[in-house]
Structure formats: C-alpha cells, structure tokens
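Let me give you the structure first, and then I'll get to my questions.
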Amino acid sequence: MREITYLEAIKEALDEEMARDPSVFILGEDVGVYGGAFRVTEGFYEKYGEWRILDTPLSESGFTGAAIGAALVGMRPVVEMQFADFISCAFDQLVNVAAKNHYRWGAATPIVVRAPYGGNIHGGAFHSQCIEGFFFNVAGLKIVAPSTAYDAKGLLKAAIRDNDPVIYCEHKYLYRRIKDSIPEEDYVVPIGKAKIALEGKDVSIITYGAMVHTALEAAQTLKGKGISCEIIDLRTILPLDKKSIFTTVKKTNKVVVLHEQTKTGGVGAEVSSLITEYCFDCLDGPIIRIAAQDTPVPYSAQMEEAFIPQVKDVLSAVEKLIRY
Amino acid sequence: MDIKREDLLQLYYYLKLTRRLEDRVTSLYHQGKILGGAWTSNGTEAVSVGYGYALEKNDIAAPYFRDMGVFLIRGISAKRIIAQYFGKRTGVTGGKEGNVHIGDLNFGVIGFPSHLADNYPVGAGAALAFKIRGEKRIAVACTGDGGTSRGDFHEGMNFAATRKLPMVFICNNNQYAYSTPLRLQMNIKDIAERALAYGIPSKIVDGNNVVEVYKAAKEAYEVARNGGGPTFIECKTMRMHGHSEHDSAKYVPRELLEEWKKKDPIVNMEKYLWENTIAKKEEMDSIDVRVKKEIEEAEAFADESPYPEPEDGMKGLYATPIAEE
Amino acid sequence: MTVDVIMPQMGESVAEGTILKWLVHEGDRVEKEQPIVEISTDKIDTEVPSPVNGIIKKILYPEGQILRVLTVIAQIETVEAKEGVSVSVEKPEAPKKVEKIETIKEAEEIEEIEKRYSPLVRRLAKEYNINLEEVKGTGEGGRVTKKDIMDYVASKPGISAPPPAEAEKKVLERETLIPVSPKRKITADRMVQSKRTAAHVTTVFEIDMTKVVRYRELNKDAMKREGIHLTYLPFITQATVRALKEHPILNASWTDEGIVQKNYINIGIAVSLEDGLIVPVIKDADKKDLLRLAKDIQDIAARARNKKLNLEDVQGGTFTITNYGLNGSLFGTPVILQPQVAILGVGAVVKRPVVIDDAIAIRSMMYLSLSFDHRVMDGANADAFLHKVKDILEGWEGSVYERKMSSPPTGYGGVW
C-alpha cells in the first residue's frame, strides 16, 4: 500500500492501462508535449510517443468524433477535455453518435471522456461548471464521478475497460488536495455501484464528488452533537445505484441530497423522485436537496463561496431534518 | 488505369440494383407500405457505387443517407434493407432504426445519425486507428453539399489533414440540400475549394459517370493507403427526386431536371458498355433480369418477416450491462 | 505595520509549495516588487516578489520546507509605520450566508404540523394498529415522529409486532414473488369459472393407434414435400369431427333457454406458449380433408408461436382438442373451455404389449380423455361419441391404405 493524490491516481490508471493494452490511447488539447493542462499526462509523450498521446487541434467535436471512429474499429480512446466546460462543443457527437450507436445498430463505442469539472478554484463561469447534468438524461451514456483517489483509479480503469461511452468527471479541486492508500495490485471499481462512505443511522446524506468531503466534515461535527450520519457516495451518476439509495432510506428514514451541480433539474432531483416513488412509506421527513445556486459560477471569492454548498449548509439542513 | 471487364459489369450491376431497390421503395412508399419516410439517391447512384466498389474488403466506409450503393456493395443484402424499411425484426437494425439509417460493422459500414457530416470526424477516427496500428486499411466518408456547411465537416477534414490520415472524403454535390440551392449555401463555385483550406488535395469528377468516380476513388485510396494523406473528391451530380420521397421538389427549376435527366448515370453506363463493345445486350439484359428477381425476393422476404416485440425496444442500450447483484 | 508574505497558489489545483531559496535575510531592506524568495510547486518554479517597501522582519520557514498554499512564510515591516505599532490587517467581513433550506419553512406555513403524519409514521401506525391521536408528538411543532411511535409501542405491552412488510417479501430468500401477467390472470379466472359452471366428468378410452401410425409412416415423406410435418393430431381431429357429426350433443352450449346445438364445427387446438395457453380455432373442420387439416393445424400453431394470430383465429370454437401427449403425459382430466360442453385430451402414443385374440402383441397405444359437462349429457352420450372416435382411429384405412402415394397431392379435392 502507498499513498497517492487524486491526480496521481488518475495518472497511474492511464499509465497502467496504456501499458497493459495497446489499443488504449489518449487525445486532447495539450496532453502531449505539455503533459496536460493539469499535468495529468506528464511524461506520457516521452514514454508512449506522439501516436499514442495525441495533441489535437482546438476542435472538441472533431476529436471526439475521431475517438468514436477509432473505438468502432477496435481502439479504446481516452479523450481529455481540457476543462469540462468545453464538453459542450462535443455535445452532438456524444449524444447523437456515441450514446446511440449500440442501441441503434449494435456497435459498441468504448470511449472515455475525461472532464475536469467543479469549482472552488476561482475559475469563473467557464472553468468551474459541473457538466454531469447535461448528459444525465441521455440514455446510452454512463457517467462516473469519483471522490477519492482510490475510486479515481479504480473507476477510470473500469471506464477504460467498459465497452460503452463513459464520461469520467474528475474534480479539479480534489486533484492535489486529497490522498488515499492504494494497493499494489490491479483493481477496478465497478461502474453502477455506490459506496457507503460513512455508516450511520439518523440521517442519510446522498452525494458525490468533492461534496463527499464536505459531508464527511459536517458528519464529524454532527457526531459531536449526537447525530449519526450515513453518507452514500454515489460514485456512478448514470446509471444510478438505486438499490443503495433505497437501502439507506429504509434505514434512516431521513434524507439529504447534496451535490455541487446547480439545483434545478440536477441529479438530486432524480434521486429525490426515485425515493418518493419507491420509498414513500419509509420517509419520516421531506427530502432536502442542497446544491449550488441557480446561476452561472460567479468569480469573486465571496460570491463563489455562497454559490457552492458549504459545511454550514449541510449542518443546517441535517439539524433541521433531525428536529422535524 | 485499366478496369477489368468483370468490374465494369459489376459496376453496372450495382447501379441497376441500387436504382431498382430505391424505385421499389419509392413505389411502396406511395402505396403507404413504408414505415415513416423514404430517402433515395436517385440520379446520384454513380457516386456511391463508384466510391463503394473501389474499396477493399477490409476498408471502412462512413457513408450518409444517399449511399444505398455502398450498403449493397459492401454486402448488406437488399432483403435486410427492405425489411428495415418495413420496420421488421429481420431488418438491418432489427427495428431499432428505420429507412436508410444503416450500419453494420460486419460489413465495414459505420452507422450514421441524421446529423450530417458527423460521419466525417468518425471516419477520420477509423483512419487514425489504422495509422496507429500500422494497418494498410483506409476509411472513406461521404456527405452531401448540405453537410459541408456544418462544423464537423471542417473539424473532420482538419483533423485528418493535420495527422495525414489514410482517409478519403467524398462529397455528393447534388446541388440541393432539401430546398436550399447551392447559391444559398456557399459563396464558392466548387466545394473542392474547401479542401484547400485544410491542405487537402482535391478532385472534381462527373458524379454521373461511375467509371470516372471509380477511378478517382481508387487512385485516392491508393494515395491514402501508401501514407499520402487524405484526398477530397467532389462529385458533381443532380438530385433527381425531392429531398425525400414526400417532397415533390417544386423548387427545382424544370429545365435543370430535364438537362440532368439526359445524363442519367445508368443510361451513361449502358452507352459506355455498348459503344466500347464491353458487354453484349444479352449480358446487360440478364443483369436486368437478375436485379429484378433479387429485389422481388428481397421484398417477399421482407413481407413475410415478423415485426419485433415491443419489449425488444428495451434491449441493447449498453454493450456492457451493469451487473446485477 | 507588519505585512505577511504568503506561499502563493499558482494554478487552480495546486495545494502545496516548496521554499527553494531565500534571496534576502532578516533585517534586509527590500523594495516593492523585488524578488525575495524562490519557490517550487507542481506546476511551476518561480520567484515571489515583495508586496511592499520595507524591512524583512522575520523569515518563518527554512529552505526546503514544503508548506500548504496561503501559509505565511515571512513578515515585512513597512517603513511608513510608526515604531512600535503593528496593525494587523483585518479580513473584510464575510457577507451573511444565504439560508439554503427553504423547503421545511414553506411546508410549515401550509398546515399545522401536529396533524400532519409522514408516510413512515402512517405506515407504522397501520402495522402496529395504533390510533395516532393517542401518540404524543415530540418532533418539530408537535409532530409525531418514528421515535414517538416506537416509544409508544414499547410502553404498551399489548401491541404485537407487525408482520414483515409486503415489500420485504421480495427480499426474503425462501420465497420469490412473481407478478401475475394479464394472460395468466385471465387463464386463472377462466379455469376457475369453468369448473364452477360445468359439471365436469372425465371418461377415458384406450385407442390402438397402430393403423394410424402405419398410415403416417407411409405418407409422411410425401406430405413433407408439401411442406407439412404430419403428426397424429390431424387424424384425431378428423376422427373427432366425424364422431361429432353423429353425436352433435357434444358440439353445443348450455344456455338458460336450452341447449344450443351448433350446426357448424370449429375445432380449437390448444397450443402451449412460454407465457401460457392459447386456443386458436380451425373453422368448419368438418369440411376439410386430412391434408387440409394437417396444413391448417401446422399454420395456426406456427402463427400462435410467432404471435401472429388474429382475433377471429381464437373465437368461435365449438369443441377443443388438447394434446398434452406432446409433453409425455398419458392421460389427464382437461378443463372444458366455456361455453363449450366437452374437451378431448390426447395422451402420448406409447408402444405397449396388449392382448389380441388371446395372444400378446406390441401395439402403439394412446389414451383419450374426454371431459364433458354432465348438465348437457350423460355418460352414455359421451362414451358413444368416444367409442366412435376409437372406431375411426383403430380402423384407419381407406382406399389409400397400404398404397404409397405416387405423386404429391395437388390440392384439396383428393379423396382420402
């Protein structure tokens, strides 16, 4: 076992998969010579050469389409969006080509699109967005969002080995801020399975991404006040692990859904609906959603702090729900 | 380049097969037997037959919706195509897709969405894979004049040119994108000029002359195969029917249609075979009989085929289903 | 005043930096923008310039130290400040946090909480059979909570534990709940209703099918060329039809006005599908010869399996034959399909030793079970009918017996 950061976990997953499987290759802007805007692929160009780590022109739709074409004839491309915000340029290829290929004409499209997302980094409106919502409603895609270095490595490997198009949401804020112990041997975190980040019995907090750490911090404080929180880390956004969601609701009967994505029409809305539809008789209080405010991401630090859910918001919601 | 006699006869056969199948579909459409819409390549068959026939078995095609000739040449049977038009379970996509939305990797044909020119970058991607793996295979993508206005047309060509991929880009310039004539689509005379912008050599050919298209395509494929990078081939032709079979195309001036009717690609080929004493009349007639029979049998097959079950619509979403526990 | 020099954050995701080299010492005079230290982060190596004019008051960390970004690494005393006074820079007040939780507040405004019971509370009250009015609520606004119910239950020894929740049944390993398809439900209803309506009696006859077997052997290849896979069912159907003509009471329906005898014969053939039974009907079976019957039976069975039957195909039957012999069953007691009055069950054809003229012979034997409605007829009628069927099958021969067919039949007009 050794400790690595979230970013190193992603890098290792890419490196190990590229070494293991010659059909894996990476393409994106500045991934080669520069080593990637966040240095995720540093050293890869020297190790794997310009035909396995391709510096592309500034055309997300073009190189995502190319990734799809390569995948159809047996490659396993990993596309890097420099910032998740630019994924909208490739919307058509992802939604109308990649997502629908297998359903329409039986052709598997094993691409992974890495999207560095999330705020709290003074990036402003186009370097901080959470993009999982844009694709949540598109049947045929898979979306994953790890919150720990361990899951980051395991989920990326699973995504690369998976035969469907996977949008891999890596949270930029977590890149160098969190570490985890990982085993030496090869391991994979299955897509479609949530994880209990913290066991508890009084209230469930269902969340993913950087917000898992916000929830954990809040849970620590709440423990001191005698409130036991159960935290479910979804890990996979699409398809949702309904079983884990229903199991925790049946256990605690009180639910807070927490995500960094904006509130209206976010993943939390779907989770809430599922719970009311299938676990109505298990609810001892309303389902509370904590999410970013419904605006573009503001720039100034004070405004961004108000925009993104903070530990205080979680404390406030849980305490209210416990008193209800 | 010399073309073998058998190949010329095959080109003629495929022209006739394509025309017959699509005429039959048009007729069935007017009888209300086609599920949904019908799009044909009437008048432009020489483009798809020409570039399709020049491909090697292991090459990959990323066609668009006026490429019936390519589907037939690559081996997707008329049976499955008509069954798809009827929405039957035995259609190419088992009922999941309809009309010309055909794709089957067993025959090296990449399925396309309705969004035109999406297939340009996708085709380039296949070519990229071939280059990475050092294979002597090429990819070809085709779109109409309409598709050349979309961003993906440009992004795909740029990507292929920058990386010098083994790729050929075809444009079926049939002069109308639905009701929009060329002059409302672009400010240039030849679409081939666009290739210049990406540093791609281009050719302009008579899209109603299957031999010319075939030769140009074959040469371009060899250039790509030998590492010479992509070529852009603009085929000048005319769309003789409406955008789809519901469209009477009243917006096309009658004179234009009359002029191009005289240049029908099948009549052209017959003249060519006849005048150059390449084929006897009996041979051409027997091809005609063969084609008629093939399409009849295909239609009968499609008629007798069952419809899919409604529940089949829930299947096949993921290639790697999520494991149940 | 004292001004802090901090480890800068260069790059959105950088969390730490290393002090490479101090370019000044404590006590040195520095100018604004003058580089005072070299640092290294994951992204970049750079110099940090002085924020003010002043004197280096304190260097807090040595070279080589790795520090979190925004840590104060040195302090500079500005020359403008008065001696001995140091004013620390105050951070501007953070604006008030926006209250994010609106849901509960809005809900409160709608009704009084104590009369509002959550879904969980209502369910528990139902399971434990509790009157919610009696339970004291300790939740917000006097709401009854789950804890309140459980405390109430604990305090009243008379309340029994609820049975396991319906939903849990699905999860228990020893039972599996299979939802009932509409088809299954209809079949279930019909079966029970038939048994309740008709007075079911079953009579069984043993049939020597040897002659039929031989006939079939001789003619099945010729039939195959016609596209027909010849089974015993067309023979039995033909025999049934002929017997029904002589005993029409079995081809009828019971009504309040009287017994309605049908003057047409539509034979229903039960077909077993994955999701249940279906009984398509051969219309006017008395007007069809063996070949035609064989063709029709094959056609409707195939169409039944491919789900291509029309509504008329399953309506209007007057008598039903069910061939469970296909599954190996020897005899059964079939249920009459209302509003018919009889149903013939066909068992498997099995070679058995039988006694003929006081000697033992091996013959192909089959049991026919006829269930009939005792309201409409007596055993004598039923047995007479079945006896006729037996005679026809056991004497299966005609002008074509023992004569192989020379050429395949060309139509339906042939005499059999």
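The values are calculated or read from the model by the stated rules, or taken from the named source; none is laboratory data. Every value quoted in this text rests on a predicted model; they were computed, and no experiment measured them. Please note: Cβ atoms are built from the backbone with ideal geometry, for glycine as well, and neighbour counts cover all protein chains shown.
Which residue, of A:ILE121, A:ILE87, is buried (at least 21 other Cβ atoms within 10 Å of the Cβ) and either within 9 Å of another protein chain (Cβ to nearest Cβ) or in contact with a helix residue (DSSP H, G or I) (Cβ under 9 Å, 6 or more places away or on another chain) (or both)? Steps first, answer last, please.
Working: A:ILE121 fails: buried (at least 21 other Cβ atoms within 10 Å of the Cβ).
Only one candidate passes the filter, namely A:ILE87.
Going through B:ALA139, B:ALA78 one at a time, which residue ends up being buried (at least 20 other Cβ atoms within 10 Å of the Cβ), aliphatic (A, V, I, L, M) and under 23 Å from B:TYR12 (Cα atoms)? Before the answer, list the steps.
Numbers: B:ALA139 fails: under 23 Å from B:TYR12 (Cα atoms).
B:ALA78 is the lone residue from the list that is buried (at least 20 other Cβ atoms within 10 Å of the Cβ), aliphatic (A, V, I, L, M) and under 23 Å from B:TYR12 (Cα atoms).
A further question on this structure: Given the conditions (1) closer than 13 Å to A:VAL24 by Cα; (2) more than 24 Å from the chain's Cα centre (by Cα), and given that A:ALA71 satisfies all but one, which numbered condition is not satisfied?
(2)
Go through (1) touching a helix residue (DSSP H, G or I) at 6+ places or on another chain (Cβ under 8 Å); (2) within 11 Å of another protein chain (Cβ to nearest Cβ); (3) farther than 29 Å from A:ASP180 by Cα; (4) not in a loop (DSSP other than H, G, I, E, B) and name the single condition A:GLY285 misses.
Looking at each condition in turn, A:GLY285 falls short on (4).
Evaluate segment C:354-366: report whether one residue or more is in contact (Cβ under 8 Å) with a residue 60 or more places away in the chain, crowded, with 21+ Cβ neighbours inside 10 Å and part of a loop (DSSP other than H, G, I, E, B).
The answer is no; no qualifying residue exists.
In addition: Please work out which one of (1) closer than 25 Å to B:GLY313 by Cα; (2) assigned to a helix (DSSP H, G or I) is the condition B:THR26 fails and give its number.
Only one criterion is unmet by B:THR26, namely (1).
Follow-up. Which members of segment A:1-39 meet the condition of being within 10 Å of another protein chain (Cβ to nearest Cβ) and aliphatic (A, V, I, L, M)?
Selection gives A:LEU7, A:LEU27, A:ALA37.
Let me ask something else about it. Just to verify a result, which residue in segment A:271-282, among those that are in contact with a strand residue (DSSP E or B) (Cβ under 9 Å, 6 or more places away or on another chain) and either more than 24 Å from C:ARG116 (Cα to Cα) or among the aliphatic types (A, V, I, L, M) (or both), is nearest to the other protein chains (Cβ to nearest Cβ)?
Among those residues, the one meeting the criterion is A:ILE275.
Among the residues of segment C:334-348, is there at least one that is in a loop (DSSP other than H, G, I, E, B), without any contact (Cβ under 8 Å) to a residue 40 or more places away in the chain and either surrounded by fewer than 20 Cβ atoms within 10 Å (Cβ to Cβ) or not charged (D, E, K, R) (or both)?
First pass over segment C:334-348, keeping only residues in a loop (DSSP other than H, G, I, E, B): C:334-341, C:347-348.
Going one step further and asking which of them are without any contact (Cβ under 8 Å) to a residue 40 or more places away in the chain, we end up with C:347-348.
Then drop every residue that is not either surrounded by fewer than 20 Cβ atoms within 10 Å (Cβ to Cβ) or not charged (D, E, K, R) (or both), which leaves C:347-348.
Scanning segment C:334-348, I find at least one residue that is in a loop (DSSP other than H, G, I, E, B), without any contact (Cβ under 8 Å) to a residue 40 or more places away in the chain and either surrounded by fewer than 20 Cβ atoms within 10 Å (Cβ to Cβ) or not charged (D, E, K, R) (or both), so the answer is yes.
Which pairs do you get when a residue that is within 14 Å of chain B (Cβ to nearest Cβ), found in segment A:168-193, comes within reach of a residue that is part of a strand (DSSP E or B), reach meaning Cβ atoms under 7 angstrom, with the pair 6+ apart or on two chains?
Listed pairs, sorted by first residue: A:ILE191/A:LYS142; A:ILE191/A:VAL144; A:ILE191/A:THR236; A:GLY192/A:THR236; A:LYS193/A:THR236.
Separate question: When you check A:GLN302 against the structure, is it away from every other protein chain (no Cβ under 11 Å) and not in a loop (DSSP other than H, G, I, E, B), yes or no?
No.
Hey, another quick one. Return the residues of segment A:91-137 that are under 27 Å from A:ALA9 (Cβ atoms), free of Cβ contacts under 8 Å to residues at least 60 places away in the same chain and out of contact with any strand residue (DSSP E or B) (no Cβ under 7 Å at 6 or more places or on another chain); say none if nothing qualifies.
A:ALA108, A:THR109, A:ILE121, A:PHE126, A:HIS127, A:PHE134
Shifting gears a bit: Do the conditions hold for C:GLU109, that is, is it loosely packed, with under 10 Cβ neighbours inside 10 Å and either modelled with pLDDT under 50 or within 14 Å of another protein chain (Cβ to nearest Cβ) (or both)? Give the derivation first.
Values: loosely packed, with under 10 Cβ neighbours inside 10 Å: yes; either modelled with pLDDT under 50 or within 14 Å of another protein chain (Cβ to nearest Cβ) (or both): yes.
In short, yes.
Condition first: within 21 Å of C:ARG190 (Cβ to Cβ) and of a type in the set (A, V, I, L, M, F, W, C). Now tell me which residues in segment C:260-286 satisfy that. Walk me through how you get there before you give the answer.
Pass one, segment C:260-286, residues within 21 Å of C:ARG190 (Cβ to Cβ): C:260, C:262, C:266-282.
If the condition is that a residue be within 21 Å of C:ARG190 (Cβ to Cβ) and of a type in the set (A, V, I, L, M, F, W, C), then C:VAL260, C:ILE267, C:ILE269, C:ALA270, C:VAL271, C:LEU273, C:LEU277, C:ILE278, C:VAL279, C:VAL281, C:ILE282 are the ones that fit.
Could you check how many residues of segment C:267-313 are within 14 Å of chain B (Cβ to nearest Cβ) and touching a residue at least 24 places away in the same chain (Cβ under 8 Å)?
So the count comes out to 5.
If you check every pair at least six apart or on different chains, which have Cβ atoms under 7 Å apart with a residue in segment B:123-134 that is within 7 Å of chain A (Cβ to nearest Cβ) and closer than 10 Å to A:PHE25 by Cβ first and a residue that is aliphatic (A, V, I, L, M) and in a helix (DSSP H, G or I) second?
Qualifying pairs under 7 Å: B:LEU128/A:ALA66; B:LEU128/A:ALA70; B:ALA129/A:ALA70.
Can you tell me how many residues in segment B:189-242 are assigned to a helix (DSSP H, G or I) and among the hydroxyl-bearing types (Ser, Thr, Tyr)? Outline the logic, then answer.
In the first step, residues of segment B:189-242 are kept if they are assigned to a helix (DSSP H, G or I); the result is B:192-197, B:210-225.
Then keep just the ones that are among the hydroxyl-bearing types (Ser, Thr, Tyr); that gives B:214, B:221.
Residues meeting the conditions: 2.
Okay, next question. Please verify whether segment B:260-274 includes one or more residues that are without any contact (Cβ under 8 Å) to a residue 40 or more places away in the chain, more than 14 Å from chain A (Cβ to nearest Cβ) and of a type in the set (Asp, Glu).
The answer is no, given that none of the residues of segment B:260-274 is without any contact (Cβ under 8 Å) to a residue 40 or more places away in the chain, more than 14 Å from chain A (Cβ to nearest Cβ) and of a type in the set (Asp, Glu).
Being more than 25 Å from the chain's Cα centre (by Cα) and not hydroxyl-bearing (Ser, Thr, Tyr), is that true of even one residue in segment B:254-267?
Taking segment B:254-267 and keeping what is more than 25 Å from the chain's Cα centre (by Cα), we get B:254-255.
Imposing the further condition that a residue be not hydroxyl-bearing (Ser, Thr, Tyr) reduces the set to B:254-255.
Within segment B:254-267 (the criterion being more than 25 Å from the chain's Cα centre (by Cα) and not hydroxyl-bearing (Ser, Thr, Tyr)), the answer is yes, since at least one residue qualifies.
Here is a list: B:PHE169, B:PHE153, B:PHE107, B:PHE71. Which entry is among the aromatic types (Phe, Trp, Tyr), more than 8 Å from chain A (Cβ to nearest Cβ) and closer than 24 Å to A:PHE25 by Cβ? Step through it out loud before you land on a result.
Working: B:PHE153 fails: closer than 24 Å to A:PHE25 by Cβ; B:PHE107 fails: closer than 24 Å to A:PHE25 by Cβ; B:PHE71 fails: closer than 24 Å to A:PHE25 by Cβ.
Exactly one of B:PHE169, B:PHE153, B:PHE107, B:PHE71 is among the aromatic types (Phe, Trp, Tyr), more than 8 Å from chain A (Cβ to nearest Cβ) and closer than 24 Å to A:PHE25 by Cβ, namely B:PHE169.
Take B:GLU325 and tell me if it is at pLDDT 90 or above and out of contact with any Asp or Glu (no Cβ under 9 Å at 6 or more places or on another chain).
Working: at pLDDT 90 or above: no; out of contact with any Asp or Glu (no Cβ under 9 Å at 6 or more places or on another chain): yes.
No: the conditions fail for B:GLU325.
Another question, then. Report, by residue number, each residue of segment C:367-416 that is hydrophobic (A, V, I, L, M, F, W, C), part of a loop (DSSP other than H, G, I, E, B) and at pLDDT 50 or above.
Narrowing segment C:367-416 to residues hydrophobic (A, V, I, L, M, F, W, C): C:368, C:370, C:372, C:376-377, C:380, C:382, C:384-386, C:389, C:392-393, C:396, C:400, C:405, C:415-416.
Now narrow it down to the ones that are part of a loop (DSSP other than H, G, I, E, B): C:376-377, C:396, C:400, C:405, C:415-416.
Result: C:VAL376, C:MET377, C:TRP396.
From the list A:ILE4, A:ILE26, exactly one residue is touching a residue at least 60 places away in the same chain (Cβ under 8 Å), within 25 Å of A:LEU174 (Cα to Cα) and of a type outside the set (D, E, K, R). Which is it?
On the way: A:ILE26 fails: touching a residue at least 60 places away in the same chain (Cβ under 8 Å).
After applying the criteria, what remains is A:ILE4.
Can we say A:LEU222 is closer than 30 Å to A:VAL95 by Cβ, among the hydrophobic types (A, V, I, L, M, F, W, C) and touching a residue at least 24 places away in the same chain (Cβ under 8 Å)? Full working, then the answer.
Working: closer than 30 Å to A:VAL95 by Cβ: no; among the hydrophobic types (A, V, I, L, M, F, W, C): yes; touching a residue at least 24 places away in the same chain (Cβ under 8 Å): yes.
When the stated conditions are applied, A:LEU222 does not pass them.
Right, next: Can you name the residue in segment B:281-325 that is of a type in the set (A, V, I, L, M) and within 14 Å of chain A (Cβ to nearest Cβ) and is also nearest to A:ILE160 (Cα to Cα) among such residues?
Restricting attention to segment B:281-325, the residues satisfying the condition of being of a type in the set (A, V, I, L, M) are B:284, B:287, B:289, B:291, B:295, B:298, B:300, B:302, B:314, B:317, B:319, B:322-323.
Subsequent filtering for residues that are within 14 Å of chain A (Cβ to nearest Cβ) retains B:314, B:317, B:319, B:322-323.
Working: B:MET314: 25, B:LEU317: 18, B:ALA319: 13, B:ILE322: 15, B:ALA323: 17 Å.
Among them, the one singled out is B:ALA319.
Can you tell me how many residues in segment B:149-162 are over 17 Å from B:ALA220 (Cβ atoms) and either surrounded by fewer than 24 Cβ atoms within 10 Å (Cβ to Cβ) or acidic (Asp, Glu) (or both)?
Residues of segment B:149-162 over 17 Å from B:ALA220 (Cβ atoms): B:149-155, B:158-159, B:162.
Pick out the ones that are also either surrounded by fewer than 24 Cβ atoms within 10 Å (Cβ to Cβ) or acidic (Asp, Glu) (or both) and you get B:149-152, B:154-155, B:158, B:162.
Qualifying residue count, segment B:149-162: 8.
May I pose another question? Go through (1) more than 9 Å from every other protein chain (Cβ to nearest Cβ); (2) surrounded by 23 or more Cβ atoms within 10 Å (Cβ to Cβ); (3) in a helix (DSSP H, G or I); (4) touching an Asp or Glu at 6+ places or on another chain (Cβ under 9 Å) for A:GLN93 and report which single condition fails.
The number of the failed condition is (1).
Within segment A:1-77, considering only helices (runs of 4 or more DSSP H) that don't extend past its boundaries, which have at least 2 residues that are within 19 Å of A:ALA98 (Cα to Cα)?
Working: elements: A:6-20, A:44-48, A:60-72.
Counting at least 2 such residues, we get A:60-72.
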